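The values are calculated or read from the model by the stated rules, or taken from the named source; none is laboratory data. All values derive from a computational prediction rather than experimental measurement. Neighbour counts run over all protein chains shown; Cβ positions are idealised from the backbone, glycine included. Surface accessibility is based on the protein's heavy atoms, side chains included, excluding ligands, DNA and RNA. Shrake-Rupley method; radii C 1.70, N 1.55, O 1.52, S 1.80 Å.
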Amino acid sequence: ELIPKLDLAKKHISSQLHVNLPDIEVRQLVATAIILKGLGAILFVFGHGFGALLLFVYLLVSTPLLYDFYNYRPNEPQYSVLLGDFMQCVAQCGALIFFVGMKNSMPKRQLRRKAPKQKSYLDVFKEIVRKKVARMRNFLWLLKTEKLRQMQKQPKLMLGNLML
C-alpha cells in the first residue's frame, strides 16, 4: 500500500523540481519513520524540544504520503476518511509548534521562592508578647504626654516663695 503512494509522490516531486530522485527502499523509509516517531515521542514525553522537532519532521514527511486525499474525488468514500486523518496530523503539527514556542518563551531558570518557615509555638508567643509590649509602651507614652499637658494647663499655686 505504501509503495504506490511513494512512487506517485516521487514522480510528482521529480516533475516539479526537474530532478531525478534516487530510489528509496520502503523498508528504510519505514525504519526511519519508526525511529523518528519512537525517539521523538520518548524525548517529547520528557519535555525536550528536540523530541517535538523529530515528531514534527515525521508528521511533515509522512502525512502527505499516508493520507493522500488529494488523489481522490470529494464524492469517493476514501476522500473524507483520508481528509479527516490528514487534518488531524496538521493539528498535531500545530500543537508541536505551539509546544516549542511555549518552551522557548519560558525562562530557562525560574527563581524559586523560599517556602515560608513554619513558626513554632514559642515564636508565635514571643511575637504576640512583643506586640503587646509595644502597644503598652505607646499607651504609657501617650498617657505621660497627656498628663504633662494637663499639668502645664493648670494654674500654679503660690504660697509665698514656694510653688506647688
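Model label points for Leu122 and Phe98, set 7 angstrom from Cα along the Cα-to-Cβ axis, are 5.5 nm apart.
Think of a 1.4 Å ball rolled over the protein heavy atoms: the chain then has 89 Å² of accessible area per residue.
The angle between the Cα long axis of helix 121-153 and the longest principal axis of the Cα atoms of the chain comes to about 40 degrees, rounded to the nearest 10. Quarter the surface of the alpha carbon convex hull of the chain and you get the mean projected area, 25.7 square nanometres. Axis of helix 26-45 versus longest Cα principal axis of the chain: the two differ by about 10°, to the nearest ten degrees. With coordinates expressed along the principal axes, the C-alpha atoms belonging to the stretch 20-111 extend over 57, 31, 24 Å, beginning with the largest.
Farthest toward the dipole's positive end in the stretch 1-153, which of Leu122, Val133, Leu55, given Cβ charges of +1 (Lys, Arg) and -1 (Asp, Glu) about the Cα centre? The Cα lying farthest towards the positive end belongs to Val133. Loop-located chymotrypsin sites (Phe, Trp or Tyr not before Pro) in the stretch 19-92 (DSSP state other than H, G, I, E, B) with a sparse environment of at most 11 neighbouring Cβ atoms within 10 Å: Phe46.
Between helix 49-66 and the chain there is an angle of about 30 degrees, using the helix long axis and the longest principal axis of the Cα atoms.
Once you list every other residue whose beta carbon is under 13 Å from the beta carbon of Phe44, what net charge do they have if Lys and Arg are +1 and Asp and Glu are -1?
Counting the neighbours of Phe44, the net charge comes to +2.
With all protein chains in place and a 1.4 Å probe, the accessible surface of the chain carries 65 percent carbon and sulfur. Note on the chain: with charges restricted to the Cβ of Lys and Arg (+1) and Asp and Glu (-1), its dipole about the Cα centre is near 2960 debye.
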